[in-house]
Amino acid sequence: MVLMPKILNAKTVHDYNAYVGHADQHPLVSVIDYAALPPIRHSRTRFSVYALFLRDDCLEDLTYGCSKYDYREGTLICVSPGQIGGVEDNGEVFRIEGWALLFSPELLHGTPLAARMKEFTFFAYQVNEALHMTAEERATLIALMKQIQEELCRHPDVHQRTILVAYIELILNFCLRFYERQFATRKSSNHDVLPRDGYLCGYDDLTQLPVDILEDIIIRIYQDGLHCTWKSGTGKIRKKDVIRTKSAIYGECFAEKSADILLFGV
């Protein structure tokens, strides 16, 4: 039995469509009704697009970044470019239940929504608790996804991009409302980690720090998975910084590989 690649790279909307067997309707946007698709194999996927998954099935082993996802039937999972999620292939064929919306950052380029994306903190790795929606909230999101689906079936014109971006922004605004409703009275599970995270993210170049501090940082990363909150925070800590930092301590070969592990959870 040939297993799926350890990590499936969804660099474009088309890549994910091809994985699940969905026909392309637009190069930068896809709305998927999984009920219309055939069963597929499990896969952990590295996304280069934004994705919202409204899943009606239940996966106990779903991972998101470096940790398990708090997930159950009838939830919304939000993924942003550079993040990894899914279930490693075990040869099982299964049927996904629910809906998905995927869109490329390229679609948002030059739009007011592009500048707003940082407001939608539910895309961050540290929010590893899925949104457990009410029936009304679920119906709202599905109705909007169907509107996008209808727009994708129309003949493209000069107004289509504006309309698609407007629908996506409306969906994200509703998601923000739903998340704030759910988490209004809850404390973040990462509240004891984030202060350190915020401090470290203040450095554009980690090699500015003393070697003994750098060694301590590297150890902490492996111990408590800070790489997830780093990557989804300010975005200032980059792979090349980690490579340069670890090269100074351990050598280039090890640094390159471990930087991949650190930032991408491979």
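The values are calculated or read from the model by the stated rules, or taken from the named source; none is laboratory data. Nothing here was measured: the structure is a model prediction, and the numbers come from that model. Note that each Cβ is placed from the backbone with ideal geometry, even for glycine, and that neighbours are counted across all protein chains shown.
So GLY91 fits all but one of (1) assigned to a helix (DSSP H, G or I); (2) at pLDDT below 95; (3) of a type in the set (Gly, Ala, Ser); what number is the exception?
With respect to (1) assigned to a helix (DSSP H, G or I); (2) at pLDDT below 95; (3) of a type in the set (Gly, Ala, Ser), GLY91 is out only on (1).
Among (1) part of a helix (DSSP H, G or I); (2) modelled with pLDDT of 95 or more, there is one condition ASP157 misses while meeting the rest; what is its number?
All conditions pass for ASP157, except number (1).
Looking only at segment 167-192, count how many residues are at pLDDT below 75, surrounded by fewer than 17 Cβ atoms within 10 Å (Cβ to Cβ) and not hydroxyl-bearing (Ser, Thr, Tyr).
Number of matching residues: 5.
Looking at ALA139 and the list (1) aliphatic (A, V, I, L, M); (2) surrounded by fewer than 20 Cβ atoms within 10 Å (Cβ to Cβ); (3) in contact with a Leu (Cβ under 9 Å, 6 or more places away or on another chain), which single condition is not satisfied?
Status for ALA139: all satisfied but (3).
Go through (1) in contact with a Lys or Arg (Cβ under 9 Å, 6 or more places away or on another chain); (2) more than 15 Å from VAL13 (Cβ to Cβ); (3) not aromatic (Phe, Trp, Tyr) one by one and return the number of the condition MET117 breaks.
It is condition (1) that MET117 fails.
All but one of (1) part of a strand (DSSP E or B); (2) farther than 22 Å from THR45 by Cβ hold for LEU102; state the number of the condition that does not hold.
It is condition (2) that LEU102 fails.
Residue check, HIS132 against (1) of a type outside the set (D, E, K, R); (2) modelled with pLDDT of 85 or more; (3) out of contact with any Cys (no Cβ under 8 Å at 6 or more places or on another chain), all met but one. Which one?
Of (1) of a type outside the set (D, E, K, R); (2) modelled with pLDDT of 85 or more; (3) out of contact with any Cys (no Cβ under 8 Å at 6 or more places or on another chain), only one is false for HIS132: (2).
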